[in-house]
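Trainee: One structure coming up, written as structure tokens, with questions to follow.
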Amino acid sequence: MIKKIPVGQLKVGMFVHDFNCSWINHPFLTNRVLVSSEGLLEKIAGAGLREIYIDTERGLDVTDAPTAEQAQAVIEAELQSLASEPSTNRLRISVGEELHRAAQVKHRAHRIVRDAMRDVRLGRAVELDQVEPVVQEITESILRNPGALVGLLRIKSKDDYTFLHSVTVCTLVVAFCRSAGMDAETMHQAGLGGLLHDIGKALVPDEILNKPGKLTEEEYAIVKRHPQDGYDILLRSGSVGEIPLDITLHHHERMDGSGYTKRLPGESISMLAQMASLVDVYDALTSDRCYHKAIPAADALRKIFEWSKNEFNPQTVQAFMHCVGIYPVGTLVRLQSGRLGVVVEPHETDLLKPKVNVFFSTRSNTYIRPEQVDLSRPFGMGGGDRIMSHESPDRWRVDPLKFMSLH
């Protein structure tokens, strides 16, 4: 049985099933380990972890600890309450109308980030006059409809991750700022910080950056230098504002002081750096890497929500979930009717009732005529269904992003 316990209850003889944090935030080669010695126990206790999951069939038990199912039920109840709070999302045009322009923006932004990292590796400065226009293009796309670009950026190969991750963080940070009602200049500066936040990784050797496995402590120490390296690179480039510098230097800090490079406590981390760090983890969790299989966006949000007691500001996490939805655009969902559909637009006031383009029947295991269903409407008015679960596209061998537009 899998149970959730505070780290303080961990003892020698217990089996850790899940450290309950993003992989980069713990120093162990695997996420599952038998606590076989006092030394290992001390190492776990000193890693800044707060709550973990243990497997009682493979190690000692804690009799009064909640099971994983009970712990997740509490999280789901909290999410249900959060989902009914009003959102501020307003869309100018549909996802389908924005997709073509968003695809062009994605392509240009990918090239700009790739070129910027190449320039840094060659000892050149980042050319801000090349970077600024693409941040503006991303912002304009987000203002028309954030779902199009956000959805398209879910498609990235392991080889493209380093570049497209920066584009995704930029896009999500801009969308987050928009949702929070921030002014245009703040959105732009935050987007610039998102696009350049990992520029320091240009100095990390490829064999470390693309290593297909857990990093050694020495390799991890090299990777952890990239926020400071990036900050120094942008300072040398000149004319970079305080917001991009702040995001670049502090996007791996955590509210409980367990992050890097400065191990800042929460009150010392700016709101925009908090937003960028959350977005950074969200995209890392939902992307395939050479050492990590992507998890569905809805699962990633639930993990981040669970971690928000320690690593992130709970209010910031809740605001982000209102920005992207409990089921983000591009998520494959199974409806009560047995149909599969892709989420294309969050509802303004109920995050559990987005608009969904349905295209597949799980009952007949066949494609059906695509149509849009507004889950906030009753039967006979384009609705009358509800989400039962989010699904893995691999399980059904479908590509939901092909159905983001019905035209």
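Trainee: Give the residues of segment 179-218 that are modelled with pLDDT under 95 and of a type in the set (Lys, Arg), sorted by residue number.
Mentor: Selection gives 211, 214.
Trainee: List, please: which pairs have Cβ atoms under 7 Å, are six or more places apart or on different chains, and start with a residue in segment 368-381 that is assigned by TED's automatic domain parsing to the domain that holds residue 336 and over 19 Å from residue 351 (Cα atoms) and end with one that is of a type in the set (A, V, I, L, M) and at pLDDT below 95?
Mentor: Note: pairs meeting the criteria are 370/406.
Trainee: Which residue is farthest from the chain's Cα centre (by Cα), if the candidates are limited to segment 241-275 and must be among the β-branched types (Val, Ile, Thr) and over 16 Å from residue 226 (Cβ atoms)?
Mentor: 243
Trainee: Let me ask you something else. Do you know which residues across segment 31-68 are without any contact (Cβ under 8 Å) to a residue 40 or more places away in the chain and part of a helix (DSSP H, G or I)?
Mentor: 38, 39, 40, 41, 42, 43, 44, 45
Trainee: Suppose we filter segment 224-248 for residues that are in contact (Cβ under 8 Å) with a residue 24 or more places away in the chain, farther than 13 Å from residue 192 by Cα and hydrophobic (A, V, I, L, M, F, W, C); how many remain?
Mentor: The qualifying residues number 1.
Trainee: Which is within 26 Å of the chain's Cα centre (by Cα) and either in a helix (DSSP H, G or I) or not β-branched (Val, Ile, Thr) (or both), of 116, 125?
Mentor: Details: 125 fails: within 26 Å of the chain's Cα centre (by Cα).
None of the others qualify; the one that does is 116.
Trainee: Next question. Can you find a residue that is buried (at least 21 other Cβ atoms within 10 Å of the Cβ), polar (S, T, N, Q) and at pLDDT below 95 anywhere in segment 148-160?
Mentor: Pass one, segment 148-160, residues buried (at least 21 other Cβ atoms within 10 Å of the Cβ): 148-153, 156.
Subset that is polar (S, T, N, Q): none.
No, because not a single residue in segment 148-160 is buried (at least 21 other Cβ atoms within 10 Å of the Cβ), polar (S, T, N, Q) and at pLDDT below 95.
Trainee: Would it be correct to say that residue 241 is of a type outside the set (Ser, Thr, Tyr), surrounded by fewer than 19 Cβ atoms within 10 Å (Cβ to Cβ) and out of contact with any helix residue (DSSP H, G or I) (no Cβ under 6 Å at 6 or more places or on another chain)? Working first, answer last.
Mentor: On the way: of a type outside the set (Ser, Thr, Tyr): yes; surrounded by fewer than 19 Cβ atoms within 10 Å (Cβ to Cβ): yes; out of contact with any helix residue (DSSP H, G or I) (no Cβ under 6 Å at 6 or more places or on another chain): no.
Considered against the rule, which asks whether it is of a type outside the set (Ser, Thr, Tyr), surrounded by fewer than 19 Cβ atoms within 10 Å (Cβ to Cβ) and out of contact with any helix residue (DSSP H, G or I) (no Cβ under 6 Å at 6 or more places or on another chain), residue 241 comes out as no.
The values are calculated or read from the model by the stated rules, or taken from the named source; none is laboratory data. Because the structure is predicted, anything quoted here is derived from the model rather than measured. In this analysis, Cβ positions are derived from the backbone assuming ideal geometry, glycine residues included, and neighbour counts consider all displayed protein chains.
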